[in-house]
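Bear in mind these aren't lab numbers, they're just calculated from the coordinates by the rules spelled out. Owing to the predicted nature of the structure, the values given are computational and were not obtained by experimental measurement. Heads up, the Cβs are rebuilt from the backbone with ideal geometry, glycines too, and the neighbour counts pull from every protein chain shown.
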Amino acid sequence: MQNQKRLVSIHLTLLLAAGLTRFACAGTTDDCNCPSRQTAEPFSLLQAERTLLMGYVDKGDFETALSLLERSIRREDNFHRNLRSLLARYKTYQENWQRQNQQALEKLHQRIEQIRSDPNQLSARPEEILSLLIQSRKDNPNRADFSSDPFVVSLTEQIRRNIRYWQSQGEYEKAWRAGLRVLLAADPNNPALQQEKTDLLSKIGIEKKLTAPLCPGQNDPYASVQAEIFFEALRRLDQKYFIPLNHSVLKRRALTCAGHIGEVLACGRKDFLYTADPNALAAWNQRLKNLQESAASAPQAQTDVPALLEQIRTLLDLNRTTLRLPEGLLVQLLAEAVLDELDPYTEIVWPSRSEEFDKQMSGEFAGVGIRIARQDNRLNIVEIIPDSPAEESGLLQVGDSILAIDGNPTENLTLDCAVRLISGPADTPVTLTLRRHEEEQTVTLLRRKIILPSLHGNTSPLEPPLKTNGGLSTYRIDADPGIAYIRLSSFRKDTAQTLRKILENLQAGGLRGLILDLRSNSGGLLDAAVGVADLFLENGIIARTCTREGIEQEITAAAGALPPDIPMAVLVDEGTASGAEILAGALADPHARRAILVGTRTYGKGTVQEVEPLPNGCRLKYTRGIYQLSGSREVPNRYQRLKQNRTDWGLLPDVLVETGEPQLEKARQARRNLEKFFRESQDKNPSQLRQDLLPLLEALVSSDPPLAAGLTIIKAKILASELPLSASADPNVPAPAADPNL
């Protein structure tokens, strides 16, 4: 604190010296390098101080800005007084968050000590205990003795024994979730663990295909999977993939996958759809061993596509004489393994997945408008999409369990099968048997076209985009109605057009500040992301794509930015990827900054994909090139950085704000309360609604650190631009007190 006060004092001294120098130089131009009196502009110490203050605010250094305000020469004018109150409010939030995190950490330590004193718990759930230790380590990441702690070593050995046992039983999913994933969390940069992860995920993919029964009414998903289509995909990738293929590596990956198939089949699980005769399995494994030895002794020079295809043909021929798995199944497993070696975004879309792929890309499907998940071995409704048959019926609620779909029990139904059964052609009925608490009911709904909204207010998705509740816009986030909040969850073909309508509507109502939330936005259509960026930019390069052949394409902004130059904050996190990173990077261009980025480092994709048709209704989605932001700024790719044992991928925000687990839970509850409020706000007095809304918004902001930081920056910028915060924002509302219920 003493150093901080000294820093503020130095800055004030420099400002004063600058003012005196300017004043002295203004008297003559003979003895100093000053502009002439005719071209000199008046110098204001107050303006310089304000610039310094806003520089700290833009960096999220609210504490230093607050200290500077306390020593200001104009402490009592409106700007200084209001800014001081604003920053003090954020400081109170911060103190509450620190208190919450500290109390959560103390409870965590108590839980750890309780478990350590109970040998039965130690042996029963070592992965849970290690997870708790990892959480307690977050606030002290420099503990070099963590991995060598005898207690940690003992837990690690127990988990490794469990992993070996689960794998021997063919329970690869369990080995990952309750085993290796925890070890990786404890030692994320361990290359051996990373390789184990790759192998285990490969086995999980095989396990799932060997245990996934056909959905009722579903055709054989492997009937249309043909080797020649896979070969054609590899030929095209050899010419078009954004970097040259390493054929030797791909050959090794195919052999490794074949070895994993033999290993998974050897466990002999009774629920596998396909089994192998022990003698046939032994012949498969022996032939694979010979192929692997031959590959290991071969020269390391890179092979070509014909050699890669020949090896895959050899594996297919071997299967026909040994394992006798359906050839479509083997082709699909090999294709997934080989293409995954390239990157997670390159894949063959087989006809059985075509409908799901289209839904992901377009956000459109025919159904009833619910999102489901498996929870506690039940198929539960976790979201009801607004303006859908499910919402309009008024008969379904979040939390309802679905017991049957058109008479098909869901107890042993996979999630994919359940989605397939509930979805279907428009204007056709589907009957759901539901359980709520202990009561059962049967509901029949008529399917229709559902459009998943990509734009959201501060609660649930809104459709149509200008929908309000009782005259109260759900895009509000603060007592000041001139500050709006919009969350973009993805980029669909109509996202930019819809956002323009929302912004025009907000602007007509006096929009003066905007928070754009891109957290957990994994991307979508590149054109849509660029279209959103173009709404806010007058000119300049939004992004530049470049292919392997050196073909470059510049995407530039057109004139006519909307809205005008109002303060903007963009919230990002590790789930912000692809098109969302392009949008965030374009708005935060250091040479023409349009917004301040707030949150944590983004995902780090940095590549663009294309989709092109393959024979028999198949499609190839592949990485075609890389993209750069204006000024040749790159978005470092996560996977390339991981191979270099680095973590500096993606975009680093201007203001780094972490969120603790206590805040995450409080924010989730605050959003649930807001959702309930808007859902139940119909037919109520608008004036009362606005009054009732304010404490709910305050609860959300006070539990969401990045949101609170972004809102603080926007309000400070409004004050700095000589605009008061709206009178309806109730400036007399006191700063939040310390939370007594932590």
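In segment 549-654, what GluC sites (Glu not before Pro) fall in a loop by DSSP, with at most 13 other Cβ atoms inside 10 Å? Before the final figure, lay out the partial values.
On the way: sites: 549, 552, 554, 574, 581, 610, 634; in loops: 549, 574.
Answer in residue order: 549.
How would you classify segment 210-342 from its alpha-carbon gyration tensor, with a ≥ b ≥ c the square roots of the eigenvalues: rounded for a/c under 1.5, else prolate if a/b is greater than b/c, otherwise oblate? Can you show the working numbers first?
Values: a/c = 2.30, a/b = 1.30, b/c = 1.77.
The shape class here is oblate.
Dipole of the chain (Lys/Arg Cβ +1, Asp/Glu Cβ -1, origin at the Cα centre): which of 115, 384, 344 lies farthest to the positive side?
Comparing the listed Cα positions along the dipole, 115 ranks first.
Mind pulling up the Rg/Rh value for segment 118-188? Radius of gyration and Kirkwood radius, both on Cα. Please report the intermediate quantities before stating the final value.
On the way: Rg = 12.3 Å, Rh = 12.5 Å.
The Rg/Rh ratio comes out at 0.98.
Determine the sum of side-chain charges near residue 564: Lys and Arg each +1, Asp and Glu each -1, restricted to other residues whose C-beta is under 13 angstrom from that of residue 564. Before the final figure, lay out each step's value.
Details: positive: 512, 594; negative: 504, 538, 565.
Summing Lys/Arg as +1 and Asp/Glu as -1 gives -1.
Note down the relative contact order for the chain as a percent, whole number, built from C-alpha pairs under 8 angstrom at least six residues apart. It would help to have the intermediate numbers written out before the result.
Working: 1133 pairs, mean separation 89.4, N = 742.
It comes to 12 percent, rounded to a whole number.
Using the count of nearby Cβ atoms within 10 Å as a rough guide to exposure, how do 350, 649 rank from fewest to most?
Working: 350 25, 649 21.
Ordered by Cβ neighbours within 10 Å, fewest first: 649, 350.
Taking the beta-carbon count within 10 Å as an exposure proxy, list 224, 721 from fewest neighbours to most. Intermediate results must be reported in sequence, preceding the final value.
Numbers: 224 16, 721 13.
Fewest-to-most ranking of 224, 721: 721, 224.
Set Lys and Arg Cβ to +1 and Asp and Glu Cβ to -1, take the dipole of the chain about its Cα centre, and tell me which of 537, 587, 426 lies farthest positive.
Of the options given, the answer is 587.
Roughly what % of DSSP beta bridges within the chain run antiparallel, to the nearest 5? Mind dumping the intermediate values first?
On the way: 52 of 68 bridges.
Around 75 percent antiparallel, to the nearest 5.
From zero up to wherever the largest Cα-Cα distance of segment 455-728 sits, split into 5 Å bins and tell me the percent of pairs in each.
Spelled out bin by bin, segment 455-728 gives 1, 6, 12, 16, 18, 16, 12, 8, 5, 3, 1, 0, 0 percent.
Around residue 550, under 15 Å between beta carbons, what's the net of Lys plus Arg minus Asp minus Glu among the other residues? Walk me through the numbers before you get to the answer.
Values: positive: 240, 544, 548, 624; negative: 549, 552, 554.
Combined, the nearby Lys, Arg, Asp and Glu give +1.
In debye, nearest 20, what is the charge dipole magnitude of segment 118-188 about its Cα centre with +1 on Lys and Arg Cβ and -1 on Asp and Glu Cβ, if you could check?
On the way: 10 positive and 10 negative charges, 35 e Å.
So the magnitude is around 160 debye.
Can you tell me, using C-alpha contacts under 8 Å and at least 6 residues apart, the relative contact order of segment 433-590 as a whole percent?
21 percent
Where the only charges are on Cβ atoms (+1 Lys, Arg; -1 Asp, Glu), what is the dipole of the chain about its Cα centre, to the nearest 20 debye? It would help to have the intermediate numbers written out before the result.
On the way: 88 positive and 94 negative charges, 162 e Å.
Here the chain has a charge dipole of around 780 debye.
Sort 712, 607 so the one with the fewest other Cβ atoms within 10 Å of its own Cβ comes first. Can you show the working numbers first?
Values: 712 25, 607 21.
Placing the least packed residue first, the sequence is 607, 712.
Relative contact order, percent, of segment 455-728 when contacts are C-alpha pairs under 8 Å separated by at least 6 residues?
Numbers: 550 pairs, mean separation 52.7, N = 274.
So the answer I get is 19 percent.
So if I place +1 on the C-beta of Lys and Arg and -1 on the C-beta of Asp and Glu, and nothing else carries charge, what would the dipole magnitude of segment 563-625 be about its Cα centre? I want it in debye, nearest 20.
Working: 7 positive and 7 negative charges, 26 e Å.
Here the size comes out at about 120 debye.
How large are Rg and Dmax for the chain when calculated on the C-alpha trace, in angstrom?
29.7, 101
Rounded to the nearest 500 deg cm²/dmol, what is the calculated helix-only ellipticity per residue at 222 nm for the chain, with -39500 (n - 2.57) per DSSP H run of length n ≥ 4? Before the final figure, lay out the partial values.
Details: 25 runs with 354 residues, N = 742.
When only DSSP H runs of four or more count, the value is -15500 deg cm²/dmol.
Please compute the net charge surrounding residue 537, taking Lys and Arg as +1 and Asp and Glu as -1 over other residues with Cβ under 10 Å from its Cβ.
Residues near residue 537 contribute -2 overall.
Over 28 Å between C-alpha atoms is what I'm after, so list which of 289/605; 59/643; 138/643; 359/715 land there. Write out the running numbers ahead of the final one.
Values: 289/605 36 Å; 59/643 31 Å; 138/643 24 Å; 359/715 39 Å.
Those over the limit are 289/605; 59/643; 359/715.
Among 608, 499, 229, which residue has its Cα positioned farthest towards the positive end of the charge dipole of the chain, with +1 placed on the Cβ of Lys and Arg, -1 on the Cβ of Asp and Glu, and the dipole taken about the Cα centre?
The Cα lying farthest towards the positive end belongs to 608.
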